[in-house]
Amino acid sequence: MIEDADTVGQSLGLEVWCEDEAGPFQAIPQPGASWQPEGSPARQPHEYIRNGTAKILTLFHPADGRVRIQGTTTCPNTVLHPWLERERTAILAALPPLLPTVDPSRAAWERWLRGLQQPITLPAVLPPLRVLLVLDNLAGHKSVALVLWLFAHGIMPLYTPVSGSWLNMAESIRRVLKSRALAGQDPTSPSEIIQWFEEVAAHWNANPTPFVWGGKRAARRKRQRDRSHRLGGSGATTRRPLRSPKGHARPK
C-alpha cells in the first residue's frame, strides 16, 4: 500500500505526505567531519555532561521535497497530536480544489485497506479522500481521537509494518537534515539543536529536491521492464541478447 501511495498516489489526485519523529539528539559532541587548525585536532570533553535531548517532529512531502519540522524536548501525544493537526490543517487549506481524478466514493478509502490483517474500521460518513499520510506504527499514531480527526479531514493514515521504517521516505530527509545540522558540531543545549535543524530546514526548503520512490520492488519491476541483458567483462548491458553471426559456429 505504501509503495502504491508513493508511486501512483499523485496520479490519483491525492497528496502524499510522510511523518516521523527524529531523535532523540543529545547535546553532546556529534561525529562527523570538521575543520581544525593544523596542530590543533578536535578534542572530546573528558566529562560526560547531560545537557538534555531534542526531538524533531517532521512532515515531508516527497513530490516537491518540502519539509515541515517542529523541535521539542518531549514528544507525548499531547505535543505530537496538536502539532499534527495544526500542520495538516494548514496543508489542507493550501490544497487546490478537488481534481476530476479524485474518486469521492467510499471505495477510494477502502482501496488502502486491502490486504491488511487488521484493517481500520472506517466511519459511516466520510469526506472525499484528499491526503495519504505515511506514519510509523507507534501506539500514539493509532489513538482513536487522532485517527477519527484524520478521517474527518479526508486523510488516510498508512502505517509502516514492524521493521518497515524503510518504507517511510521521511527517514531519508531526516538523515539529510541531521547530517547538515549536527555533523561535527558540539551543541550545548537542546534549544541549540532545534535552532540548527530549523535553519537547515529553511535552507533546504529554499531549493528542495523531490524524492522518488525507488525501493526493492520498484527496482525489480524496472529491470523487468527494461529486460536488460548483462555482458561479461564489465557492467555493460544490452536491451536485447546478442546472437552469434550466421555462418559462424560457436567455438567448442
- In whole Hz, the Karplus estimates of ³J(HN,Hα) for the stretch 180-193 (6.51, -1.76, 1.60; θ = phi - 60°; x where Gly or Pro) are 6, 8, 10, 4, x, 9, 10, x, 10, 7, x, 4, 5, 4
- Message: Can you compute the modelled spin-label distance between residue 94 and residue 53, with each label point 7 Å from Cα toward Cβ, in nm?
- Response: 3.0
- Task: Pop out the ³J(HN,Hα) list for the stretch 162-174 in order, Karplus 6.51 cos²θ - 1.76 cosθ + 1.60 with θ = phi - 60°, rounded to Hz; leave Gly and Pro as x.
- Result: 4, 6, x, 5, 5, 7, 9, 5, 5, 4, 6, 5, 4
- Item | By average C-beta atoms within 10 angstrom, highest first, the peptides 129-139, 86-96, 160-170 | 129-139, 160-170, 86-96
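Here, each number is a calculation from the coordinates, and none is a lab measurement. Keep in mind it's a predicted model, so treat the numbers as computed, not measured. Methodologically, a virtual Cβ is constructed for each residue, glycine included, from the backbone with ideal geometry; neighbour enumeration extends over all protein chains shown.
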